[in-house]
Structures are given as C-alpha cells and as structure tokens.
Amino acid sequence: MDYFSPAQMAGYVALVLGVGAFLNRDDRRMKLLLSVESVVYGAHFLMLGNLAAAGSAAISAGRTYVSLRSRSLWLAGAAVALNVGLGLKVARGGMGWLPIVASCAATVAFFTLEGVRLRLVLLTTTLMWLVNGYVSRSVGGVVLESLIATANASTLVRMGLERARAKS
C-alpha cells in the first residue's frame, strides 16, 4: 500500500478537517467544517474505489451544510432517501451498507438533535465509519475516525462538565 498516494493524501486532509470539526463545541462551526471534510472524504473514497462511501460522503456534505440553515424533516427525509437509493445502486454486501446506515443516522441527528445528544449519535456513526475505513484499507480514514471518536468523546466530557458546573 502506498501511504502517500493521492487517495491516501486526500484522507489525511479529511482527517485534519474532521478532527478540527469535533473539537468545536459550537454546533454551527462543527457542521461547517464537517461539510468541507465530507467533500474531501468523498474524493478520498472515490479514489479508493469505494463508491458507497464516496457517494454517502458527498450526500453528507450537502446534508450537513443544509442543516446549518434548516431543521426541515422533509430535507432530512430527502437526504435519507438519496442515501438509501445510493445504497441500492452501489452497496455490495453488508459492509457496503455501513456508510449508508451511518449517514442516514447522522442525517436524522443533524436535523433533529443538538449539543450532547447530537454528538452521541455522531460518536456512534463515527465508529461505523471507522469499520468502513478499515475494510476499505483507508489509512487516513482509520486514523481520522479514531481521532474524531477521541475528539468527540473529549468534547462530550467537556460539555458534560460545563453542564454540571452550570447546575452547581
């Protein structure tokens, strides 16, 4: 495996953007960075030949950006429908559905949740993308999802501590 191929380099760029996103406690800033990260991540998986992950990441980029401006359940439903349609067309086997299911769960979360609840769902979907990265042989993806899980967990702890201090 070439650790410095264009595909892997795109994964490393996505890594930096994704970790930066989850270190933010501000939902808006997190979503903006995740939109950009998803575009780069989609290109990364496209170059690796994982069409389900590439398409799902592309849909996620648009979905996350739109969720900055709207909480419309119709838009969330449209993003879920796009992901399911993509899965029906390109997903091969159960593992091919992993990024699709993760993206659908994140879509519902982006449009209906905020704060700690949002990040808990995103932690779960991050673990699904971690498995996808491993199966796809994505060096940047595995490191990205591992660091995102860590950053997200760290932010969840900080948010919990802030909430506890506010109650005191």
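The values are calculated or read from the model by the stated rules, or taken from the named source; none is laboratory data. Small disclaimer: the values here were computed from a predicted structure and weren't measured. A quick note on method: Cβ atoms are made from the backbone with ideal geometry, for glycine too, and the neighbour counts reach across all protein chains shown.
Taking the numbered list (1) of a type in the set (K, R); (2) over 20 Å from V36 (Cα atoms); (3) at pLDDT 90 or above in turn, K167 passes all entries but (3). Note on segment 146-168: residues that are free of Cβ contacts under 8 Å to residues at least 60 places away in the same chain and closer than 16 Å to L17 by Cβ amount to 3. In segment 5-51, how many residues are in a loop (DSSP other than H, G, I, E, B) and at pLDDT 90 or above? Selection size over segment 5-51: 2.
For segment 54-92, filtered to residues that are assigned to a helix (DSSP H, G or I) and of a type in the set (S, T, Y), the residue that is farthest from L33 (Cα to Cα) is S56. The one condition from (1) part of a helix (DSSP H, G or I); (2) farther than 23 Å from T112 by Cα that D2 does not meet is (1). Being loosely packed, with under 14 Cβ neighbours inside 10 Å and either aliphatic (A, V, I, L, M) or closer than 11 Å to R25 by Cβ (or both) is the filter here; which residues of segment 148-168 pass it? Selection gives S154, V157, R158, L161, E162, A164, A166. Inside segment 10-43, residues that are of a type outside the set (V, I, T), without any contact (Cβ under 8 Å) to a residue 24 or more places away in the chain and either surrounded by fewer than 21 Cβ atoms within 10 Å (Cβ to Cβ) or in contact with a Phe, Trp or Tyr (Cβ under 9 Å, 6 or more places away or on another chain) (or both) make up a count of 6. The residue that is farthest from D2 (Cα to Cα), counting only those in segment 44-94 that are surrounded by fewer than 17 Cβ atoms within 10 Å (Cβ to Cβ) and in contact with a Leu (Cβ under 7 Å, 6 or more places away or on another chain), is L68. For beta carbons closer than 9 Å, sequence separation of 6+ or different chains, a first residue in segment 132-145 that is free of Cβ contacts under 8 Å to residues at least 12 places away in the same chain and a second that is of a type in the set (A, V, I, L, M, F, W, C) and part of a helix (DSSP H, G or I), the qualifying pairs are Y134/V142.
Restricting to segment 95-110, and then to whatever is buried (at least 21 other Cβ atoms within 10 Å of the Cβ) and hydrophobic (A, V, I, L, M, F, W, C), can you tell me which residue is farthest from Y65 (Cα to Cα)? The selected residue is L98. For beta carbons closer than 7 Å, sequence separation of 6+ or different chains, a first residue in segment 111-124 that is buried (at least 17 other Cβ atoms within 10 Å of the Cβ) and a second that is among the basic types (K, R) and modelled with pLDDT under 95, the qualifying pairs are F111/R71. In the set R63, R92, only one residue is over 16 Å from T125 (Cβ atoms) and basic (K, R); that residue is R92.
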